[in-house]
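Chemist: Questions regarding the structure given below will be posed in turn.
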Amino acid sequence: MMNHVLIAGAGPVGLVAANCLADAGIPVTVFEAEPRLPENLRASTFQPPTLDLLSQFGASRRLIEMGRIARRMQYRDRSGWVAEFDFDVLADVTGHPYRVQCEQFRLNGVLAERLARLPQARIEFSSAVVGVEQGADGVSLTVDGPAGRRAVTGSWLIGADGGRSRVREALGIPLEGYTWPERFLVASTRFEFADVIPGLSDVSYFADPEEWFFLLRVVGVWRAMFPTTAEEQDADILSDDGIERRLQRVWPKAGRYEIVHRTLYPVHQRVAATYRKGRAFLAGDAAHLNNPLGGMGMNGGIHDAFSLAGALARVARGETDAAALDRYERQRRPVALEYVNTISAANKRNLESRDPEHQRRWREEMSRAASDPRLAREYLLKVSMIASLRKAADAA
Ligand SMILES: Cc1cc2nc3c(=O)[nH]c(=O)nc-3n(C[C@H](O)[C@H](O)[C@H](O)COP(=O)(O)OP(=O)(O)OC[C@H]3O[C@@H](n4cnc5c(N)ncnc54)[C@H](O)[C@@H]3O)c2cc1C
């Protein structure tokens, strides 16, 4: 079929791209390996410009209804030091001067539901993309589906099949960078930290040379994130006692914490060597992985999806020639390297630093930025990813 776009993966990135393309009248098929949309707990922060972009699908309103608006974010330490930033200083540049805390699977539900109403779009579940071939005029996928293995052809392919992307592997594109030796543990509890830690905002990073942590509130629970060491065994890290020990360091309390969810996952700082090979593109985690401090991974992926799907729609409708598609990589890859990777890696270093001089300088810098509206605005433009979208828009 002419100008039929194939997408591997029904995560937030694949589903955003599919909605953009279908809205532009382009036929699109999403292949998802799982039998239904996965509901595992992963990212839960939607940044201001992401909410602005998702508004066109009516999805931001739904996320706000299902989630929590976080107007402030804080850096803290155990001594009581707090540097607080209020997203309100961005009110003139975004329709959403706050983060929304809501689980990413809820966005996926909203996007898939919307896609089901668009006649030119389809999601095929239990359909794993296992091979990719391409010629001058189109791509051919090998898909393992409920009725066995078959070939599917289309004009373009978006590999939005996550960190272990089969599409990336089939295209032979290396994922360059490194993996941190430690993994991150996320544990959720219904304990109300805001009742015991005065003024605690919904997003709070605690620097600590012994063991930093991060508290983030979603509806009904706080999620606490901790680094683990390479020496610890998975069973110990994930045990009730192991998590209890870490939570008691956050706030020592009588009685045990009720733990409602736990995940342990590896953390990377990696970017694909290229985002395009012929008629196939990579987007989201398939193209870049970073540590979650700063809530930028899923958001950056969603920004990729809008950029790529917009370009593909213009090419498919004959509004511009196919050379315009090269701009996608020029726009989005430097952002992954220079903004997302750099900021998320610096966040980690600042929180974990054992060097008293580094700690002192960072705290002073944060306190100064938080108390000066001009500096606070500059800082929030960066961490809320507005600056990276502006940089991408400027790419020729
Ligand atoms: C355990 C975990 C916890 C995380 N926690 C956080 C967090 O706290 N904060 C944060 O900012 N980010 C977090 N992330 C990262 C965040 O979830 C990702 O950045 C985001 O999901 C990227 O979206 P995506 O659509 O690119 O990929 P994904 O959400 O991974 O979606 C890819 C989809 O492709 C499907 N798929 C895979 N292979 C194939 C195939 N061969 N054929 C067809 N379909 C396929 C998968 O089933 C999946 O549905 C976490 C990630 C993980 C793994």
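Chemist: So, in the range 225-253, exactly how many residues are of a type in the set (Asp, Glu) and in contact with a helix residue (DSSP H, G or I) (Cβ under 9 Å, 6 or more places away or on another chain)? Steps first, please.
Modeler: As a first pass, look at the range 225-253 and keep what is of a type in the set (Asp, Glu): 231-232, 234, 236, 240-241, 244.
Now restrict to residues that are in contact with a helix residue (DSSP H, G or I) (Cβ under 9 Å, 6 or more places away or on another chain): 232, 236.
Residues in the range 225-253 being of a type in the set (Asp, Glu) and in contact with a helix residue (DSSP H, G or I) (Cβ under 9 Å, 6 or more places away or on another chain): 2 in total.
Chemist: A further question follows. Closer than 22 Å to residue 6 by Cβ and buried (at least 16 other Cβ atoms within 10 Å of the Cβ), is that true of residue 304?
Modeler: Here the answer is yes, as residue 304 does meet what is asked.
Chemist: Right, next: What are the pairs with Cβ atoms under 7 angstrom where one residue, in the range 292-312, is touching a residue at least 40 places away in the same chain (Cβ under 8 Å) and farther than 22 Å from residue 325 by Cα and the other, located anywhere, is assigned to a helix (DSSP H, G or I) and among the β-branched types (Val, Ile, Thr)? Sequence gap at least six, or different chains.
Modeler: Partner pairs satisfying both residue conditions: 294/343; 294/383; 296/340; 296/343.
Chemist: Name, by its number, the condition in (1) farther than 30 Å from residue 356 by Cβ; (2) over 18 Å from the mean Cα position of the chain (by Cα); (3) polar (S, T, N, Q) that does not hold for residue 263.
Modeler: (2)
Chemist: Would you check if there is a residue in the range 64-82 being touching a residue at least 40 places away in the same chain (Cβ under 8 Å), on the phi > 0 side of the Ramachandran plot, away from the ligand (no atom under 14 Å from the Cβ) and surrounded by fewer than 17 Cβ atoms within 10 Å (Cβ to Cβ)?
Modeler: No, that holds for no residue.
Chemist: Condition first: buried (at least 20 other Cβ atoms within 10 Å of the Cβ), touching a strand residue (DSSP E or B) at 6+ places or on another chain (Cβ under 7 Å), under 30 Å from residue 390 (Cα atoms) and modelled with pLDDT of 95 or more. Can you find one or more residues in the range 233-243 that meet it?
Modeler: No, because not a single residue in the range 233-243 is buried (at least 20 other Cβ atoms within 10 Å of the Cβ), touching a strand residue (DSSP E or B) at 6+ places or on another chain (Cβ under 7 Å), under 30 Å from residue 390 (Cα atoms) and modelled with pLDDT of 95 or more.
Chemist: Another question, if that's okay. So, residue 148, is that one on the phi > 0 side of the Ramachandran plot and without any contact (Cβ under 8 Å) to a residue 12 or more places away in the chain or not?
Modeler: Judged against the criteria, residue 148 is a match.
Chemist: I've got another one for you. Are any residues in the range 14-43 open to solvent by 10 Å² or more (accessible area, probe 1.4 Å) and of a type in the set (Ser, Thr, Tyr), and if so, which ones?
Modeler: none
Chemist: Which pairs have Cβ atoms under 8 Å, sit 6 or more apart or on different chains, and link a residue in the range 341-364 that is aliphatic (A, V, I, L, M) to one that is open to solvent by less than 70 Å² (accessible area, probe 1.4 Å) and part of a helix (DSSP H, G or I)?
Modeler: From residues that are aliphatic (A, V, I, L, M), the pairs are 343/383.
Chemist: Can you name every residue in the range 155-189 that is within 15 Å of the ligand (Cβ to nearest atom), open to solvent by 10 Å² or more (accessible area, probe 1.4 Å), part of a strand (DSSP E or B) and farther than 30 Å from residue 258 by Cα?
Modeler: Residues satisfying the conditions are 175, 177, 179.
The values are calculated or read from the model by the stated rules, or taken from the named source; none is laboratory data. The structure presented is a predicted model; accordingly, all values stated were derived computationally and were not measured. As a convention, Cβ positions derive from the backbone with ideal geometry for all residues, glycine included, and neighbour counts pool all protein chains shown. Quick note on the areas: whole protein, heavy atoms, side chains included, nothing else; ligands and nucleic acids left out. Shrake-Rupley method; radii C 1.70, N 1.55, O 1.52, S 1.80 Å.
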